[in-house]
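Have a look at the structure below, then the notes.
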Amino acid sequence: MSRTLGSRQIYPIFEAGNSDKLCCSIGNSVIVFEVMCEGRKMAMRVYMRQHHNLRAIYGDRYYPKELLVNSSDRKYGLADVVLCDWYEGVSLQSKIEELYNKPLKMAALSQMFEEFAISLLNERWAHGDLKPENIILSNDGLHLIDFDAMYREGFTIDDCVEIGTRQFQHPLRDRAYFGRDIDDYPIALITTVLAAIALDRSFSKEIENNDYLVISPHLAIEDKDERLHRIEELFAERGDVRHYRIAKLLHSPIPALPQLKNLLDMKREDIAPSATPTLEYYNGYWGFTIGGRFVIPPYYDLAFEFSEGVALVKVGEIWHFIDATGKVVITCGRGVGIKPFKNGVTSIEKEDGVYKVYRDGRIDKIL
């Protein structure tokens, strides 16, 4: 059994062992069939309701009023069809659920997504419904599916037919806000959650018992999401300033996150062994430069000059000492009164007493 789409011959794929049941999945307004076309598997999207922008989104992969369909109440109509690439693999959502107890593999998945996200932010279009279920992990990397909510250059607010999945979108992402940066917020959200699970698998429990991917955008922008607060604290305690800053973006009152790309692509310059970075203040945060270039990006809430080979920095409420590459070498925790090392020692006053901190990493309570 076959049919044609334009001049292309389509062969449906049936479930193994059941020649009467087609391989398909059903969405809110689309049925997606697995088909063979010109020797390769493809996805045939059949639209159950009108989407006036399919031609602009899918180009010559769009076939208007191509398929006759009928419903259980015997109503007949011609449905639009779109023929898309098929990617063998699993969704990012499924992969997260598979790997949450394997921190090293989850960290690798997190890094893979961030590299993928940078490539998306370099595009002139936006997906519009970015979520783990719409990202397929195959042998050759990550791939997007379902572009129905897409933004393309030249689109106006009238071209915003769908607004994506609320659990991943900024609350102001609606038909009054439609542009190139609509993927910013979901990218920051997914990045934050993947990095958090890689560091602390307890956050994976929130996936099993939560309609959201751990974090609720509606609560986050109002600074009321306790899970996000815990994640920020986790990043601060680990001295992971990059993910800490990305997590902070989830409080943004607007969907556009212009800092996101730089945070995702943050790389430290190679530092000559004899070079000592210089403290610099930029855009409200502290970092370190050599020869006028930031070698440790300016994302710290507070910082001091290098002393005895390390610099004292603050991430959120947590104090750390970092080396010239930006790596955390000593974590001091919350407290006041701490200063850079002098003769290999400093001190910090915490809620339960005063502690001496030594250059070799030892921390001893003295009062």
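The values are calculated or read from the model by the stated rules, or taken from the named source; none is laboratory data. Note that this is a predicted model, so its numbers are computed, not measured. Cβ coordinates were reconstructed from backbone atoms using ideal geometry, including for glycine residues, and neighbour counts include every protein chain displayed.
Quick notes
- Residue count for the stretch 346-367, restricted to those that are surrounded by fewer than 16 Cβ atoms within 10 Å (Cβ to Cβ) and touching a Lys or Arg at 6+ places or on another chain (Cβ under 6 Å): 3
- The criterion of at least 1 residues that are at positive phi is met, among strands (runs of 3 or more DSSP E) falling completely within the stretch 11-70, by 62-70.
- In the stretch 323-330, the count of residues that are outside the structural domain of Arg245 (by TED's automatic domain parsing), of a type in the set (Ser, Thr, Tyr) and surrounded by 14 or more Cβ atoms within 10 Å (Cβ to Cβ) is zero.
- Against the conditions (1) crowded, with 22+ Cβ neighbours inside 10 Å; (2) of a type in the set (A, V, I, L, M); (3) in contact with a Cys (Cβ under 8 Å, 6 or more places away or on another chain), Ala198 satisfies every one except (3).
- The combined condition, being without any contact (Cβ under 8 Å) to a residue 24 or more places away in the chain and either touching a Gly at 6+ places or on another chain (Cβ under 7 Å) or more than 19 Å from Leu264 (Cα to Cα) (or both), is fulfilled by Gly59.
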